[in-house]
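*Asks:* This is the structure I have questions about; it appears just below.
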Amino acid sequence: MSVRSRLYRDGELIAEDFPATEVASRLNETERSFAWLDLCGPTAQQIALLTEEFGMHPLAVEDAVQQAQRAKLDRYDSHLFLNTYMAELHPDGSLNTAEVAAFINQRVLITVRYDERFDISQLLVRWDENIEMAKYGVSFLIYGLVDALVDGHFEAVQQLDQSLVELQNTMFRPHPESYAQLQERTFLARRNLVRLRQVALPMREVVNSMMRPTMHLVSAPMLPYFQDVYDHVLRVVEWTESLRDLNNAMLETNLMLQNNTMNQIVKQVTSWAAIIAVPTAITGFFGQNVAFPWEHTLTEFIVSTIVTIGIAVGLFVEFKRRQWI
């Protein structure tokens, strides 16, 4: 559990990391100030503070408490409720997502997280690098938050694209991985793409709604910045859909290559079986038996058994090496 806070006045940062209970009183000191409050792993008392101190609607608070909500922007009489997700691709190939909720009114932005997967320090760096935009009020804070989340989506889809390119190269190598491994990696990429699309697609409507004049959220100077975020959202959605089509084609190609390899194996094994079958059929038909140069003894039985087992094991090892069995 942690609480982070900031207070801006006249476009400058004047205080930070003060208790959540002081946010409302500090805002009441002057109308030229606005604040940000972050609740990570909030307690029941902090959740109650949202309704009692800031007047947030109970339904919005309930959506923030009950996780696994879809990405959306809800409008209430006194504030907006934003629910969205960060996305990050792990080195092991899995896609990590975390829910981020936000309460927005004209003078405060309150973010609610339930773990540290969304690195809030990156958001603070963005705000500090663009401090000259703080004069535009809360819309400056919202832009930094949404831009950070969408940039995470964009980076994730870039990494997924690179992983699919590497998978294509592996698929057509002379000695590729086993088809089971290729199939597993392809299905993992498909699952990541589906999850990323679920996260990124609703952001198109979310950002578009933020820019509507009826929301009274984005000031005219900040509008181009939100349009840039909207463009990134569209690129992520379109890129994700194209990668899904590519992934489907790779699945079909992998199955086709597997069938082709199986056909080649069947032809080779059939050819060897035909070669072996001819003398076997002839000698079997005439009942021919080639005797050992020595008398029938226990040694003959042992030698013949070792030769039979040795040839069988040798064929098994060779077929296994060629991935025929």
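The values are calculated or read from the model by the stated rules, or taken from the named source; none is laboratory data. Predicted, not measured: the structure shown is a model, and the values here were computed from it. Quick reminder, even Gly has a Cβ in these numbers, built from the backbone with ideal geometry, and neighbours come from all protein chains shown.
*Asks:* How many residues, within segment 79-95, are at pLDDT 90 or above and of a type in the set (S, T, N, Q)?
*Replies:* Within segment 79-95, residues that are at pLDDT 90 or above and of a type in the set (S, T, N, Q) number 2.
*Asks:* Residues of segment 159-174 being without any contact (Cβ under 8 Å) to a residue 24 or more places away in the chain and in a helix (DSSP H, G or I), which ones?
*Replies:* Gln162, Val165, Glu166, Asn169, Thr170
*Asks:* If we only count strands (runs of 3 or more DSSP E) wholly inside segment 1-63, which ones have 2 or more residues that are closer than 15 Å to Arg113 by Cβ, modelled with pLDDT of 90 or more and not hydrophobic (A, V, I, L, M, F, W, C)?
*Replies:* Ranges flagged: 2-9.
*Asks:* Which members of segment 203-227 meet the condition of being in contact (Cβ under 8 Å) with a residue 40 or more places away in the chain and part of a helix (DSSP H, G or I)?
*Replies:* Matches in segment 203-227: Met203, Glu205, Val206, Val207, Ser209, Met210, Met215, Pro221, Met222, Tyr225, Phe226.
*Asks:* Let me ask something else. For Arg70, only one of the following conditions fails: (1) surrounded by 11 or more Cβ atoms within 10 Å (Cβ to Cβ); (2) out of contact with any Pro (no Cβ under 7 Å at 6 or more places or on another chain); (3) over 18 Å from Ile142 (Cα atoms). What is its number?
*Replies:* That leaves (2) as the condition not met.
*Asks:* Which one of Val313, Val266, Val317, Val303 is surrounded by 11 or more Cβ atoms within 10 Å (Cβ to Cβ), at pLDDT 75 or above and either of a type in the set (A, V, I, L, M) or not in a helix (DSSP H, G or I) (or both)? Outline the logic, then answer.
*Replies:* Numbers: Val313 fails: surrounded by 11 or more Cβ atoms within 10 Å (Cβ to Cβ); Val317 fails: surrounded by 11 or more Cβ atoms within 10 Å (Cβ to Cβ); Val303 fails: at pLDDT 75 or above.
Criteria check complete, one pass: Val266.
*Asks:* Scan segment 37-49 and tell me whether some residue there is touching a Phe, Trp or Tyr at 6+ places or on another chain (Cβ under 7 Å) and within 19 Å of Gln106 (Cβ to Cβ).
*Replies:* No: zero hits.
*Asks:* Given the options Thr30, Thr43, Thr84, name the one that is hydroxyl-bearing (Ser, Thr, Tyr) and surrounded by 15 or more Cβ atoms within 10 Å (Cβ to Cβ).
*Replies:* Of Thr30, Thr43, Thr84, the one residue that is hydroxyl-bearing (Ser, Thr, Tyr) and surrounded by 15 or more Cβ atoms within 10 Å (Cβ to Cβ) is Thr84.
*Asks:* Under 7 Å by Cβ, and 6 or more places apart or on different chains, what pairs join a residue from segment 89-102 that is touching a residue at least 40 places away in the same chain (Cβ under 8 Å) with one that is surrounded by fewer than 20 Cβ atoms within 10 Å (Cβ to Cβ) and outside any loop (DSSP other than H, G, I, E, B)?
*Replies:* From segment 89-102, the pairs are Leu89/Gln159; Gly93/Ser163; Gly93/Leu188; Leu95/Arg195; Thr97/Arg195.
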